[in-house]
Ligand code: AQP
């Protein structure tokens, strides 16, 4: 079996529709065909300052959402990044293989650092892609399901794997990105030229939001002044985004939806989509609450996941440290 790895940050709010359609949906599908490792990446989350108590509860909240969504701890290894010390150990080696200019070119770093005052931009935010490469390479990962915004980081992970292999001998598997065709980038409902992102709460659909409020957000999505419902991302970015979401949630093709909404207005499309999303999140939200009601069970699942992850990761780090030339510990 090929191996799949991916990670998601614990966030203050819930996961959003972009996370789900861009990445998490594939996590669930791939656990049937792959040896899956999925991780709540809490180390990544402190690249931007976090309150300790909030971080702890967000991490449990993230794990509960993954389980409620269908990540099955019997079939997948689900764990928390900081529980497996090998992530930071390998990250250091990879940082030392990453050029300064190479890291400085990462668009996510440029975007996120531009949003903060210079003294608040941490070195961790800068070296983030090396830690992400470590996350992936530790597990000799073949496939990484992510959204389009992670393509550049994934490319760097591949480069670092190849660089290490050519300098120290064949060690790492060079991973492939698994980016969905239709939902690689879900756009913000208020600003359909930008990706939906937790940093911009106004146009966000959060999966734990109350269904009525969610429907209201969909109703107030920015569209254009025309009337026709058809897919044209250049000129009708808002409507096209709604069609993509509708199609992904229902499995109906865009052409089928265009035909079904012919002669009807944007209001109908928005109303239906609000309903579809509400029907999807209602049972999901109930399952999340059930997991959160039993934190001891949740922690047990994560502990078991970390034990298994550590077995694989420690083997990789042992090999890497040896190849790099570190003396074996006594
Ligand atoms: N809008 C999106 N469309 C498709 N995929 C998306 N992803 C995120 N936004 C979209 C994918 O979700 C996974 C988890 O990403 P993360 O933990 O790195 O979360 P994030 O990128 O921090 O999410 P945001 O909302 O985009 O946060 P900020 O504002 O901090 O950048 C990844 O696979 C990502 O591709």
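Distance from the alpha carbon centroid of the stretch 37-76 to that of the stretch 236-299 works out to 23 angstrom.
Under the criterion of Cα pairs below 8 Å and six or more residues apart, the relative contact order for the chain equals 23 percent. Residues 96, 39, arranged from fewest to most other Cβ atoms within 10 angstrom of their Cβ, appear as 96, 39. When peptides 24-32, 60-68 are ranked by their average number of other Cβ atoms within 10 Å per residue, the highest-first order is 60-68, 24-32. Ordering 55, 302, 21 from the fewest to the most neighbouring beta carbons within 10 Å gives 55, 302, 21.
Residue order for 212, 198, fewest other beta carbons within 10 angstrom first, comes to 212, 198.
For the chain, the longest principal axis of the C-alpha atoms and the axis of helix 52-69 are separated by about 70°. Sorted on the mean count of surrounding Cβ atoms within 10 Å across their residues, most packed first, peptides 183-191, 155-163 read 183-191, 155-163.
Helix 86-95 and the longest principal axis of the C-alpha atoms of the chain enclose an angle of approximately 90°.
The separation of the stretch 11-35 from the stretch 84-146, counted between C-alpha centres, amounts to 21 Å. Using only Cα coordinates, the Kirkwood hydrodynamic radius of the stretch 195-304 works out to 15.6 Å.
Divide the volume of the convex hull around the Cα atoms of the stretch 1-55 by the residue count and you get 88 Å³ per residue. Highest GNM mean-square fluctuation among 119, 297, 311, for the chain modelled with Cα contacts below 10 Å: 119. If you look at the Cα atoms of the chain, you get an Rg and a Dmax of 20.8, 76 Å. Pairing the Cα long axis of helix 151-168 with the longest principal axis of the chain, what angle in degrees results, from 0 to 90 and rounded to the nearest 10? The angle comes out near 20 degrees.
Values in this text are rule-based calculations from the coordinates and carry no lab data. The model shown is predicted, which means the values in this text are computed figures rather than measured ones. For neighbour counting, all protein chains shown are included, and Cβ atoms are generated from backbone atoms with ideal geometry for every residue, glycine included.
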